Amino acid sequence: MADSAIAIAADVRAGRRRARDVLEQHLAQISAREADVHAFNLVTADDARARADEIDDAVSRGDDPGPLAGVPIALKDNLCTRGVATTCSSRILDGWRPPYDATVVERVHDAGAVIVGKTNLDEFAMGSSTENSAFGATRNPYDLSRVPGGSSGGSAAAVAAGFATLALGSDTGGSVRQPASLCGVVGVKPTYGAVSRYGLVAFASSLDQIGPFATSVGDAAQLLEVIAGHDPCDSTSIAEAAPALLADLERGVEGLRVGVVEELTDNEGIQDDVKAAVEAAADALAAAGAKTDRVSVPSTMYGLSAYYLIAPAEASSNLARYDGVRYGLRVDGADISDMNARTRDSGFGVEVKRRIMLGTYALSAGYYDAYYGQAQRVRTLIIREFERAYEQFDVLLAPTAPTVAFELGAKTADPLTMYLNDVCTIPSNLAGHAAMSVPFGSALASDATSGASALPIGVQVLAPARGEPVMFRVARAVEQAAPGGA
Amino acid sequence: MSEGSLTRAEVEHVARLARLALTDDELDALTPELSKILEHAAQVSALDTEGVPPTAHPLPLVNVFRPDVARPGLARDEVLAEAPAAEDGRFRVPRILGEAP
């Protein structure tokens, strides 16, 4: 059983344990399994050792290094790290080292965390399996023939494999929650604006949000408390102070109203074991004193279609900056337009090009209103229906991902099949709401190469904007009720 | 043209708009793929949105101001050091339009 971040920080702060020893245990785990899992694009072992020694020196001087003292953390490789390669798993950023740190990177560093490396992702966070990486796929630590989910698959796998105690990812349509579900860890998409996006390489700016991975709900709450809060460098960050999460974590769910979203749970695309896990979690919450019922939120079924117009439209605009002029790759051409187009064709992978094309088309003259405009109106309908649901319920429950982890290559031939992985997670991004995935049991899957393996299932807890305190209480109760949970 | 169905010529046009020098193979693959994705995405038109305002952003933000106080920016030389080509403190780019270099 892995140490919790909260326990490590308490021990390091009290001088009972050295940050350096904690780090060496994790580096040993990386040496043992990273060649199989490929969670990282870069392991920053030397910098991490220097940082751990700094933490230990601070403790011996009598200073307090902070609430994440000596906790090893992995960062998705779309978070800018000053002077350290940040690739987004794309050839187009080849050799680029950011001239500044993302705000979240500063915050975890200042809280005493030890950064162990940059994790693999689907290129520019576009994908649901971490197979769309210029540097090769990441594999699921539970079964190496299967994907870890995506796009933050490297961060999820790093925590699941014990390479790091915590990790950060980004979630635009489920890219933290879905890999958390597939890798058996906790993953959180905070309320839009709760965490600064400054230094997160932009994909779809009205949907992107940075969130934590952890092995427990408590650790995820601790990490979110550290990274949340206003940042003048992100004009979309919420000005009011972020709510405390740990204080109320153990308050229980007595009297809380919990709605199981019918459209996302009773859907024919949902694997039976996954549906059963959501129902078992709801029953457990009822047994713990919550009032549970089913609730219909019909327009969530249109979330996927709206998302695959809105997100590519925003991406086509955001990724226009990769022009061969300011960073990374340049492929020479006859003139500047030719250089731009050759650089972009050569530097971007297949899925990124597909989404740029889709977004450019959806925004082009003659199609704008039918596609992008209509998707934005559907976004409004989804928000309105959620608002009605949250008049009757404090939180909602749904699957996180439709299935457990699938085999590598199983969904790469048909983009639409891959997109369907995000059907249950996308609505919260469109609404700007909070949501998180909590491990709840597993399903046996027979496997051609490795026989039967137990693959984790995640249950999703959804909450309205700024609903994190209640969402975490419910998630904690789900965690306690989970098979083998504590 | 039916909604969601794209021709190869349209895909070439979009590639030009997106500044992507796609190869013939890429154009051949993308034409049916994009058509299929758009067909799915066009499901949004099944919903009645008469009188529903669009949502561009989840937060009700209008203008976000900060005090007009100078702050240090990024160091020019550090930024230029990461560019593919720089000269005299500026990004260096290939010829634009037809003028002499």
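Every residue, every condition in (1) assigned to a loop (DSSP other than H, G, I, E, B); (2) buried (at least 24 other Cβ atoms within 10 Å of the Cβ); (3) among the aromatic types (Phe, Trp, Tyr), yes or no:
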residue	(1), (2), (3)
A:GLY149	yes, yes, no
A:SER181	no, yes, no
A:TYR198	yes, no, yes
A:ASP208	yes, yes, no
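On the given criteria, is A:ARG384 within 14 Å of another protein chain (Cβ to nearest Cβ), outside any loop (DSSP other than H, G, I, E, B), charged (D, E, K, R) and crowded, with 20+ Cβ neighbours inside 10 Å? Break it down into steps so the answer makes sense when it comes.
Working: within 14 Å of another protein chain (Cβ to nearest Cβ): yes; outside any loop (DSSP other than H, G, I, E, B): yes; charged (D, E, K, R): yes; crowded, with 20+ Cβ neighbours inside 10 Å: no.
No.
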Between residues in segment A:26-39 that are assigned by TED's automatic domain parsing to the domain that holds A:PRO72 and in contact (Cβ under 8 Å) with a residue 40 or more places away in the chain and residues that are surrounded by fewer than 22 Cβ atoms within 10 Å (Cβ to Cβ) and in a helix (DSSP H, G or I), which pairs lie under 7 Å by C-beta distance while being six or more apart or on different chains? A:LEU27/A:ALA45
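Hey, among the residues in segment B:15-67 that are basic (Lys, Arg) and surrounded by 15 or more Cβ atoms within 10 Å (Cβ to Cβ), which one's modelled with the highest pLDDT?
B:ARG19
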Given the options A:GLY324, A:GLY328, A:GLY347, name the one that is closer than 14 Å to B:LEU20 by Cα, in contact with a Phe, Trp or Tyr (Cβ under 8 Å, 6 or more places away or on another chain) and either more than 8 Å from chain B (Cβ to nearest Cβ) or crowded, with 18+ Cβ neighbours inside 10 Å (or both). A:GLY347
Check segment A:420-440 and report whether any residue there is within 25 Å of B:SER5 (Cβ to Cβ) and among the hydroxyl-bearing types (Ser, Thr, Tyr). no
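Just name the residue that is farthest from the other protein chains (Cβ to nearest Cβ) out of those in segment A:205-245 that are of a type in the set (Asp, Glu), in contact (Cβ under 8 Å) with a residue 24 or more places away in the chain and out of contact with any helix residue (DSSP H, G or I) (no Cβ under 6 Å at 6 or more places or on another chain). Lay out the reasoning, then the answer.
Taking segment A:205-245 first, the residues of a type in the set (Asp, Glu) are A:208, A:219, A:225, A:231, A:234, A:240.
Imposing the further condition that a residue be in contact (Cβ under 8 Å) with a residue 24 or more places away in the chain reduces the set to A:208, A:219, A:225, A:231, A:234.
Subsequent filtering for residues that are out of contact with any helix residue (DSSP H, G or I) (no Cβ under 6 Å at 6 or more places or on another chain) retains A:208, A:225, A:234.
On the way: A:ASP208: 11, A:GLU225: 21, A:ASP234: 9 Å.
Looking at residues that are of a type in the set (Asp, Glu), in contact (Cβ under 8 Å) with a residue 24 or more places away in the chain and out of contact with any helix residue (DSSP H, G or I) (no Cβ under 6 Å at 6 or more places or on another chain), I get A:GLU225.
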Wholly enclosed strands (runs of 3 or more DSSP E) of segment A:388-465 bearing at least 1 residues surrounded by fewer than 24 Cβ atoms within 10 Å (Cβ to Cβ): A:434-445, A:453-463
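For segment A:66-111, name all the residues that are in a loop (DSSP other than H, G, I, E, B), surrounded by fewer than 23 Cβ atoms within 10 Å (Cβ to Cβ) and away from chain B (no Cβ under 14 Å). Spell out how you get there, then give the answer.
First, pick out the residues of segment A:66-111 that are in a loop (DSSP other than H, G, I, E, B): A:66-71, A:77-78, A:80, A:82-83, A:85-90, A:94-102, A:111.
Narrowing further to those that are surrounded by fewer than 23 Cβ atoms within 10 Å (Cβ to Cβ): A:66-67, A:80, A:82-83, A:85, A:94-97, A:99-101, A:111.
Answer for segment A:66-111, where residues must be in a loop (DSSP other than H, G, I, E, B), surrounded by fewer than 23 Cβ atoms within 10 Å (Cβ to Cβ) and away from chain B (no Cβ under 14 Å): A:GLY66, A:PRO67, A:ALA111.
The values are calculated or read from the model by the stated rules, or taken from the named source; none is laboratory data. What you are looking at is a predicted structure, and each value in this text was computed from that prediction instead of being measured. Positions of Cβ are generated from backbone atoms using ideal geometry, with glycine treated the same way; all protein chains shown enter the neighbour counts.
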